[in-house]
Amino acid sequence: MVLDELRTPIVLAPMAGGPSTPDLAAAVSQAGGLGFLAAGYLSAADTAERIARTRTLTEAPFGVNLFAPAAPTPTDDYAGYLAELSRDFPVGEPRFDTDDWDAKLDMLVGERVRVVSCTFGCPSVAEIARLHEAGSEVWVTVTSVAEARRAIEAGADVLIAQGAEAGGHRGSFMDRPEDDVTDPLSLFALLQLLVANVNVPIVAAGAIATGPGVAAALSAGAAAAQLGTAFLRCPEAGTAPLLRDAITMDTPTMLTRAFTGRRARGLRNRFLLDHPDAPAAYPEIHYATGPLRAAARAEGNADAVNLWAGQTHTLAAELSAGDLVRQLSEDAKAALKKALSHRIQGC
Ligand SMILES: Cc1cc2nc3c(=O)[nH]c(=O)nc-3n(C[C@H](O)[C@H](O)[C@H](O)COP(=O)(O)O)c2cc1C
């Protein structure tokens, strides 16, 4: 298992849309953690180029992340929302695609990367078997025990437990507004439930930003911690300047469908507040809001851009990715020692 080969149990979260770069993935892998490339929004050919570039930077293992495709949403479900947006913003064509799923799977089977992870759903039994034959482990992001059971039945090797605190899109297999009446599980709750119910290694994700946070995840039974927002200010990350600056400010985060039609956590801004009831229609709304987000980005207007970030975003440091991995490891070790020395003697 790749997790057993790591010098430190720190995994870089894949971050599509800019932040993930070969340099960032390679720096984390070189420092003894597990780097990740994000294939979301890229073509299979562009993803292959990034894999090749990462391989020139490190011989250590790294992973590649895919978005599982959903089904198209009926136009009637989102036409009203887009009509409302078009009164104030440039709105593009809503369209459906599979994010090049089949071509990316074929490409990955050929590339034989060590880990393929998947969010927004689980590959089929046959797809996981193909990746296994090619020598790849398959990791699946889950947000509930029910999703974890489905992923294990399909053949997943490792689960990524994504708590509600996490930045970016929720990896839930289904994104249904009717489920919003119950709160999504926080990482600590999800981790304990998974440890009690399943028997595969778990990687913990969601607002982990410090060594003590890594230590807490390991203490709760995770095999490793996966961090995204904590790496956004690293020089190797391709984070847009607007997001790089915004996460230093003490702005609360919120879950929203306003930008993409899929629930995601981002920094609170005008656009999120103005559209609290945006419908679930991914990727249709993602494509339709592309022009308005691009225009806002060009103007430096942080009020109409998706600023994906987890709840501990102010802790993200401007450090090289390698130094960040080393610091997290040392601080996690110290935190575990400190926890042990506390009150357990009496037991
Ligand atoms: C900017 C950004 C982009 C993200 N893109 C992806 C992605 O492409 N694929 C994925 O599986 N998760 C993605 N995520 C979610 C992460 O995998 C992970 O769950 C999250 O970063 C953990 O929470 P944290 O950001 O508080 O560390 C993204 C997160 C952020 C912040």
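So here's what we get for this one:
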quantity	calculated
Within the range 95-130, tally of residues that are out of contact with any strand residue (DSSP E or B) (no Cβ under 8 Å at 6 or more places or on another chain), charged (D, E, K, R) and outside any helix (DSSP H, G or I)	4
Flag if R7 is among the basic types (K, R), in contact (Cβ under 8 Å) with a residue 24 or more places away in the chain and assigned to a loop (DSSP other than H, G, I, E, B)	yes
Of residues in the range 156-172 being more than 12 Å from the chain's Cα centre (by Cα) and either in contact (Cβ under 8 Å) with a residue 60 or more places away in the chain or more than 15 Å from the ligand (Cβ to nearest atom) (or both), the one farthest from G135 (Cα to Cα)	V158
Qualifying residues in the range 77-89 (those that are at pLDDT 95 or above and not in a helix (DSSP H, G or I)) - the one farthest from the ligand (Cβ to nearest atom)	R87
Single residue of the range 144-155 satisfying the filter (surrounded by fewer than 21 Cβ atoms within 10 Å (Cβ to Cβ) and within 21 Å of L255 (Cβ to Cβ)) that is nearest to the chain's Cα centre (by Cα)	S144
Single unsatisfied condition, D179 versus (1) part of a loop (DSSP other than H, G, I, E, B); (2) free of Cβ contacts under 8 Å to residues at least 60 places away in the same chain	(1)
Enumeration of residues in the range 188-231 that are out of contact with any Gly (no Cβ under 6 Å at 6 or more places or on another chain), among the hydrophobic types (A, V, I, L, M, F, W, C) and within 12 Å of the ligand (Cβ to nearest atom)	V203, A204, A205, I208, A209, V214, A217, A225, L227, A230, F231
Tabulated pairs, the range 111-128, first over 12 Å from W139 (Cβ atoms), second away from the ligand (no atom under 16 Å from the Cβ) and modelled with pLDDT under 95, C-beta under 8 angstrom, 6+ apart or interchain	none
Pair list, Cβ < 7 Å and 6+ apart or interchain, from the range 12-39 residues that are at pLDDT below 95 to residues that are within 8 Å of the ligand (Cβ to nearest atom) and of a type in the set (D, E, K, R)	none
From the options A44, A25, A38, residue that is within 16 Å of the ligand (Cβ to nearest atom), surrounded by 14 or more Cβ atoms within 10 Å (Cβ to Cβ) and closer than 23 Å to E147 by Cβ	A38
Top-ranked residue of the range 48-76 - restricted to ones that are of a type in the set (S, T, N, Q) and surrounded by 23 or more Cβ atoms within 10 Å (Cβ to Cβ), ranked as farthest from the ligand (Cβ to nearest atom)	T54
Complete set of residues in the range 244-268 that are buried (at least 19 other Cβ atoms within 10 Å of the Cβ) and in a loop (DSSP other than H, G, I, E, B)	I247, R257, A258, F259, T260, G261, R262, R263
From R244, R263, R257, residue being farther than 25 Å from A278 by Cβ and among the basic types (K, R)	R244
Unique match (being crowded, with 21+ Cβ neighbours inside 10 Å and in a helix (DSSP H, G or I)) among V214, V203	V214
Tally of residues being touching a Gly at 6+ places or on another chain (Cβ under 8 Å) and in a loop (DSSP other than H, G, I, E, B) across the range 10-46	12
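Yes/no matrix, rows are residues, columns are (1) assigned to a loop (DSSP other than H, G, I, E, B); (2) surrounded by 18 or more Cβ atoms within 10 Å (Cβ to Cβ); (3) touching a Cys at 6+ places or on another chain (Cβ under 6 Å):
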{"residue": "H132", "(1), (2), (3)": "no, no, no"}
{"residue": "A161", "(1), (2), (3)": "no, yes, no"}
{"residue": "E165", "(1), (2), (3)": "yes, yes, no"}
{"residue": "L191", "(1), (2), (3)": "no, yes, no"}
{"residue": "L242", "(1), (2), (3)": "no, no, no"}
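The values are calculated or read from the model by the stated rules, or taken from the named source; none is laboratory data. Please read these numbers as outputs of a predicted model, since none were measured by experiment. In this analysis, Cβ positions are derived from the backbone assuming ideal geometry, glycine residues included, and neighbour counts consider all displayed protein chains.
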